[in-house]
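Structure first, commentary second.
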Amino acid sequence: MDMDEFIRSIPKAELHLHIEGSLEPELKFELAARNGLELPYASAGAMRAAYDFDDLSSFLAQYYEGMSVLVTEEDFRDLAMAYFERVAAQGLVYVEMFFDPQAHTSRGIAFETVISGLRRAQQGAEDVGIRSQLIMCFLRDHSVESAFETLEQAADYREWIVGVGLDSDERDNPPLKFREVFAAAREQGYRLTMHCDVDQQDTTEHIRQCLEDIGVERIDHGSNAIEDPGLVTQLVERGIGLTNCPISNSFVGDGTKAGVIRALHEQGVLVTVNSDDPAYFPGYVADNLAVLQREADLSRDEIVQLVRNAFTISWLDESERQAYLDRIDSWVEGTH
Ligand code: HPA
Ligand code: ZN
């Protein structure tokens, strides 16, 4: 088995996937037609060719604009089902996926429409061998009040959502802005994570706030921790993992950060490889692992460690986690 085949077939998890960021142009056109909406491009190819972003905020503008075609429960189901079918072919067996309710409720789409559609796809995904859990993200460039309202809307669906996260534009929107929201979410039993996007202003201070003030259980991106040995020590000692996204890194910043991800791994941080927004930063989970493998010259053993890390830091209960880890071990055995 060659390396690419090894990466594609090993049973994998991903923990950093914005489901709205998996909306491919072809599906945008299908949904636009179904909902009687016009798109300002002649074709999916033309739309893809017009994508133009080189940092977080220019990406986000196109990400939010793209969501306008998501209107009905079926649209959300079809969006997530397209993702599941795609990654089933890449060996994905487990995903914790983000969704951004405020990006929809702010356009007049009901919270219930969004989550019911996603939930139906999650049930369908079990048929293609993928187990999934939802993480609800608050948009950090919206107000604290809006985040609290969203937390309230989620209450009726509490058992459908495993945790909460924080995404969108990080500039001037530090973790501390949402301290009370996250404290309330923790009280309600949600697991906690937050984005610290790569190379953002005040990034190491944001990572520190996540660890010391908010008490997150993992950090999305967060690779700038490498700049502060004290942060690295905390990550290692507390077993707090990072959800890294190599291809995404190369689109919103300077390169994939493969060397940094490798160095963090060597220092004992539980790093993982994920796709972030695969329709915009082209590459699903196995593609991201393949890019990292090539750029950081990872061995098969190191690939296995990174894949195991994702299950280790996942929000599965212990027996399920162990079952997946055992499954990886027997799969690896079978390749010898
Ligand atoms: N960073 C912040 N917010 C986001 C991202 C991201 O990579 N993708 C979707 N929302
Ligand atoms: Zn992200």
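The values are calculated or read from the model by the stated rules, or taken from the named source; none is laboratory data. Just so you know, these numbers come straight off a predicted model, no measurement behind them. All Cβ positions, even for glycine, are placed from backbone atoms using ideal geometry, and neighbour counts span all protein chains on display.
Tabulated results
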{"item": "Subset tally (residues that are assigned to a helix (DSSP H, G or I) and either within 16 Å of ligand 1 (Cβ to nearest atom) or of a type in the set (Val, Ile, Thr) (or both)) for region 131-145", "result": "1"}
{"item": "Residue within region 81-94 that is surrounded by 16 or more Cβ atoms within 10 Å (Cβ to Cβ) and on the phi > 0 side of the Ramachandran plot present", "result": "yes"}
{"item": "Test result for residue 22, under 30 Å from residue 306 (Cβ atoms), surrounded by 19 or more Cβ atoms within 10 Å (Cβ to Cβ) and touching a Lys or Arg at 6+ places or on another chain (Cβ under 9 Å)", "result": "yes"}
{"item": "Residues satisfying the stated conditions in region 153-183, i.e. within 14 Å of residue 213 (Cα to Cα) and in a helix (DSSP H, G or I)", "result": "175, 176, 177, 178, 179, 180, 181, 182, 183"}
{"item": "Answer residue from region 237-255, given it is in a loop (DSSP other than H, G, I, E, B) and within 15 Å of ligand 2 (Cβ to nearest atom) and is farthest from residue 167 (Cα to Cα) among those", "result": "253"}
{"item": "Answer residue from region 132-180, given it is in contact with a helix residue (DSSP H, G or I) (Cβ under 9 Å, 6 or more places away or on another chain) and basic (Lys, Arg) and is farthest from residue 194 (Cα to Cα) among those", "result": "171"}
{"item": "Residue in region 41-54 that is nearest to ligand 2 (Cβ to nearest atom), counting only those that are at pLDDT 95 or above and not in a helix (DSSP H, G or I)", "result": "51"}
{"item": "Every residue from region 1-24 that is within 14 Å of ligand 2 (Cβ to nearest atom) and of a type in the set (Gly, Ala, Ser)", "result": "21, 22"}
{"item": "Counted residues, region 1-19 - those being among the aliphatic types (A, V, I, L, M), in a loop (DSSP other than H, G, I, E, B) and surrounded by fewer than 16 Cβ atoms within 10 Å (Cβ to Cβ)", "result": "1"}
{"item": "Residue list for region 256-276, restricted to those being more than 15 Å from ligand 2 (Cβ to nearest atom) and small (Gly, Ala, Ser)", "result": "258, 259, 263, 268"}
